[in-house]
1. Modelled label-to-label distance, T180 and I112, 7 Å Cα→beta-carbon offset: nm?
2. I'd like the distance between the alpha-carbon centres of the range 36-73 and the range 170-214, rounded to an integer number of Å.
3. With bins 5 Å wide starting at 0, give me the P(r) of the chain over every alpha carbon pair, in whole percents.
4. Taking only Cα atoms and a 10 Å spring cutoff, compute GNM fluctuations for the chain and point out the largest among T200, T81, T70.
5. What nm distance separates the two modelled labels at K269 and S145, each placed 7 Å from Cα along Cα→Cβ?
6. Show me the helices of the chain, taken as full DSSP H stretches, that run 27 Å or more along their long axis by Cα and average -1.0 or above in Kyte-Doolittle hydropathy.
7. For a test of the definition: using alpha carbon positions, the gyration tensor, and the 1.5 limit on a/c, classify the range 201-265 as rounded, prolate or oblate.
8. I need I18, I91 ordered by Cβ neighbour count within 10 Å, fewest first.
Amino acid sequence: MCPKSKGGTELNGKIIAIANQKGGVGKTTTCANLGIGLAMENKKVLLVDADPQGSLSISLGHSQPDSIDTTLATVMGKVITDTAIEPKEGILHHYEGVDLLPANIELSGMEISLVNAMSRETILKQYLDTIKNQYDYILLDCMPSLGMLTVNALAAADGVIIPVQAQYLPAKGLEQLLHTIGKVRKQINPKLKIDGILLTMVDNRTNFAKEISALVRETYGGSIKVFATNISHSVRAAEISAEGKSIFAHDPKGKVAEEYKNLTKEVLKIEKLRQKHKAGISR
């Protein structure tokens with residue numbers, strides 16, 4: 001069945017983990033703006049906050065995530081205890097057209113619970129399998145670590161987008177992340193692909209950012225896609241996390257909104273090529 005966004009047809013949600021164990025690289029900003037960018041292209045999108053700090057939940061307008069009753073920790077806990085989950089349980093709607101499964105500090109307890117759970121690497125996947133036919137895209141905002149929650153996200157994902165800050169040499173951290181992705185692919189999730197490295201916080205006025213950008217493309221470009229779109233460093237983009245809305249609502253004509261629009265197009269193109277490839281194989 002061909003996935004359609006409207007009219008009650010079952011969808012075939014593509015799950016993308018936005019991951020980097022280094023903090024402050026623009027994961028949450030990318031997750032929110034790419035998700036809303038996809039919704040603006042008429043896609044049905046679920047954003048999952050997989051970080052106990054609740055940054056994604058805060059950036060989408062829930063300034064006190066610790067007071068939210070039902071979160072990702074709730075539904076994962078129900079998977080572990082084999083308790084029924086209500087349809088759409090815990091899922092909140094954001095006025096810019098995306099759904100959100102929020103997170104709060106309770107999720108840090110889940111990291112500990114997972115250690116003793118059966119099939120501990122696939123608890124998140126088991127949950128997402130029950131709802132992915134309701135969405136075109138599910139984006140997972142991973143926490144800045146390579147712990148059990150990030151492994152769960154990678155085990156559930158079809159693709160990974162790796163935001164990399166263009167202000168320092170990312171080589172070491174990237175190697176660790178690529179090693180973890182390789183391990184997850186080998187042992188748990190053979191379909192996992194790296195959709196691309198996304199350069200963020202690029203200050204186009206400095207040569208240094210251009211050098212880092214060139215270096216990342218040179219080092220990884222042969223084996224991993226580096227998105228053609230760079231996300232610029234911008235004060236306006238930094239302001240939005242306090243406002244509960246995307247860059248498209250905050251500064252629609254600005255440079256960063258344009259960049260996230262272009263990134264959205266690149267991400268849609270990846271899926272188009274994947275479907276084309278699939279159709280070619282099944283002929």
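1. 2.1
2. 23
3. It works out to 1, 6, 13, 17, 20, 18, 14, 8, 3, 1, 0, in whole percents.
4. T81
5. Placing both labels 7 Å along Cα→Cβ, they lie 3.7 nm apart.
6. On the way: long enough: 255-282 (41 Å, -0.96).
The qualifying helices are 255-282.
7. Working: a/c = 2.76, a/b = 1.80, b/c = 1.54.
Taking the square roots of the gyration eigenvalues as a ≥ b ≥ c, the range 201-265 is prolate.
8. Details: I18 30, I91 18.
Lowest to highest Cβ neighbour count: I91, I18.
Laboratory data are not the source of any read-out in this text; all were calculated from the coordinates shown. Only a predicted model underlies this, so the values are computations on that prediction, with no experimental measurement involved. For neighbour counting, all protein chains shown are included, and Cβ atoms are generated from backbone atoms with ideal geometry for every residue, glycine included.
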